[in-house]
Amino acid sequence: MSVSYEKVVEIVRLKQVVCDSTLEIQKITSSFGIAQWLMDEIGNETQEVLMLLCLNTKNEVNSLSVVHRGTINQSIAHPRDIFQRAILSNATRICIAHNHPSGNPLTK
């Protein structure tokens with residue numbers, strides 16, 4: 001029995017699209033500070049938004065991206081989508097966050 005398969009010899013190109021923006025928060029100093037900032041950014045969205053902040057070794061924000069924009073009560077993202085962005089950003093730390101459109105973090 002003969003088995004045919006393809007061998008990946010080399011990854012030729014991975015590309016990350018970068019858009020210029022001015023972030024109000026440049027360095028993460030506390031979880032409370034980042035939560036306050038993210039509430040201002042995505043707190044009033046009518047859909048669940050899963051955000052990823054990629055940080056360097058000094059806790060400075062390398063990149064900020066919306067991993068997934070979901071429905072009113074759920075957002076589904078695969079770990080590979082998160083880690084792909086983190087690796088392409090050369091992140092040493094990550095912060096993952098999402099909002100609750102209902103305004104109540106205890107409801108599903």
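Select from the range 60-92 the residues that are within 16 Å of Ile34 (Cβ to Cβ), part of a strand (DSSP E or B) and over 9 Å from the mean Cα position of the chain (by Cα) and list them in ascending order.
Glu60, Val61, Asn62
If we scan the range 8-26, do we find a residue that is modelled with pLDDT under 85, part of a strand (DSSP E or B) and open to solvent by 90 Å² or more (accessible area, probe 1.4 Å)?
To start, the set of residues in the range 8-26 that are modelled with pLDDT under 85 comprises 8-26.
Those left that are additionally part of a strand (DSSP E or B): none.
No.
Going through the range 95-105 one residue at a time, which ones are open to solvent by 70 Å² or more (accessible area, probe 1.4 Å) and touching a residue at least 24 places away in the same chain (Cβ under 8 Å)? Reasoning before the result, please.
Filtering the range 95-105 for residues open to solvent by 70 Å² or more (accessible area, probe 1.4 Å) gives 96, 98, 102, 105.
Ile96, His98, Ser102 - these are the residues of the range 95-105 that are open to solvent by 70 Å² or more (accessible area, probe 1.4 Å) and touching a residue at least 24 places away in the same chain (Cβ under 8 Å).
The values are calculated or read from the model by the stated rules, or taken from the named source; none is laboratory data. On a predicted model such as this, the values are computed, not experimentally measured, just so you know. Reconstructed Cβ throughout: ideal geometry from the backbone, glycine too, with neighbour counts over all protein chains shown. For the accessible areas, the whole protein counts, side chains as well, though only heavy atoms, and no ligand, DNA or RNA atoms are used. Shrake-Rupley method; radii C 1.70, N 1.55, O 1.52, S 1.80 Å.
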